[in-house]
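To start, the structure itself, in structure tokens.
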Amino acid sequence: MVRGVGWGALVILVAGLMAGCGGSDEKKVALLLPNQHSVRYQDRYGFKKKVNERCPECKVLYANAQGSVARQQAQAERILGEGADVLVVDPVEPHAAARIVHTAKRTGVPVVSYAHLIPGSGVDYYVGVDSEQLGWLQADFLGTTLKEAGKPRGPIVVVTLGVGGLQNVGARKRFSEGGVKIVEEYNVDELTSEGAEFSLAKREMQRAIDAVGAGGFVGVFAPNDQTAAGAIAAMEAAGIDPKAKPTTGAGATLPAVKRVLAGEQGMSTYEATWQQSASSAKVAVKLVNGDPVPTAWITDELTNGGGDIPAILWPPTAVTGENLMSTVIPYRFIKPGELCVAHYSQYCVEAGIE
């Protein structure tokens, strides 16, 4: 017995020390995000809220790699060392993140691949957007827009991320069905970090303009908002009005939605960000509790080179200048106060956005 401390006080002291160490019942869900401009970054608090609603005893461990593959790997190793029971990972670079999955699996920790499928690894579940449907949506928008302009066959310039992938497959299928001619095609390596996509897409678009001239194309297929921004910047540098060359994008990032509002980018897409976040949290809680994920939640099964991965895929929604008031604004994904600034205010007035 400790001198001067009664049994009752000693029990309280020991209980307090145990509580200070987190207690044996605490479960840990880790959320690893790639950067601070990702749309997933906007909903990290929503993820935590959803986890805690379903698992009050769960603690959410959060880390942001700020665009660094090495930092994300180190964060994963640190968090696993802190006793994480499940990892939810939106990778900086999907191929590199396979190492994170291998590290987690060696310690028996399940991994949910979030927003970007991690290839060549045994991730347990994938939650993201339906990439093939995303490609269809973008190609259909471009085909319809060109048809309305009296140029249903194009030609168009295509900038892709990687040469395969379901998004590219979906878009190519639609272009083929619609008889849209691709006059030039350039590829941005799919291993490119999100931060470098703008400059590489700008370079590739400049090559396309040099090859066919300003009048040699009537539209641009770009897979996401970063590559769209690069393509548009290249057109502007060449003296081409991007409003006359509809360009696709995806992600509904704030800069892109501003461009869509002003007519500088033809479209973007809302990729069910809140729904993806909630689904990832629900799956993580099932895994941390050792419960089966209901088969009713699973919408598809994807092959990532490391196995067949149960997937929860959410449909994308086209975001155009005509439907902002029925998509990202009422979804509270983009706030009018963020959008209607500087010279964009005039476009907000014209679109009835207050």
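Remarks
- For the pair segment 294-337 / segment 81-114, the C-alpha centres are spaced 22 Å from each other.
- T295 versus K243: modelled label distance in nm, points set 7 Å from Cα along the beta carbon direction: 5.5 nm
- Lysines with Cα under 20 Å of K258, excluding same-chain neighbours fewer than 8 positions away: K202, K243, K245, K335
- Amide N of segment 333-352 lying under 19 Å from the label point, which is placed 7 angstrom from the Cα of A262 along Cα→Cβ: 334-352
- Solvent-accessible area, 1.4 Å probe, carbon plus sulfur percent, for the chain: 53 percent
- Spin-label pair E350-R207: with each label point 7 Å from Cα along the Cα-Cβ axis, the two points sit 3.5 nm from one another.
- With an a/c value of 1.5 or above and a/b not larger than b/c for the gyration tensor axes a ≥ b ≥ c computed over the alpha-carbon atoms, segment 212-354 is described as oblate.
- Between A74 and H343, the distance separating the two model label sites (each 7 Å from Cα on the Cα→Cβ line) works out to 4.2 nm.
- The chain: relative contact order as a whole-number percent, Cα under 8 Å and 6+ apart: 16 percent
- Trypsin sites (Lys or Arg not before Pro) within segment 229-336, DSSP loop, no more than 10 other Cβ atoms inside 10 Å: R332
The values are calculated or read from the model by the stated rules, or taken from the named source; none is laboratory data. Note that this is a predicted model, so its numbers are computed, not measured. No Cβ is skipped: glycine too gets one built from the backbone with ideal geometry, and neighbour counts run over all protein chains shown. The area values use the complete protein model at the heavy-atom level, side chains included, leaving out ligands, DNA and RNA. Shrake-Rupley method; radii C 1.70, N 1.55, O 1.52, S 1.80 Å.
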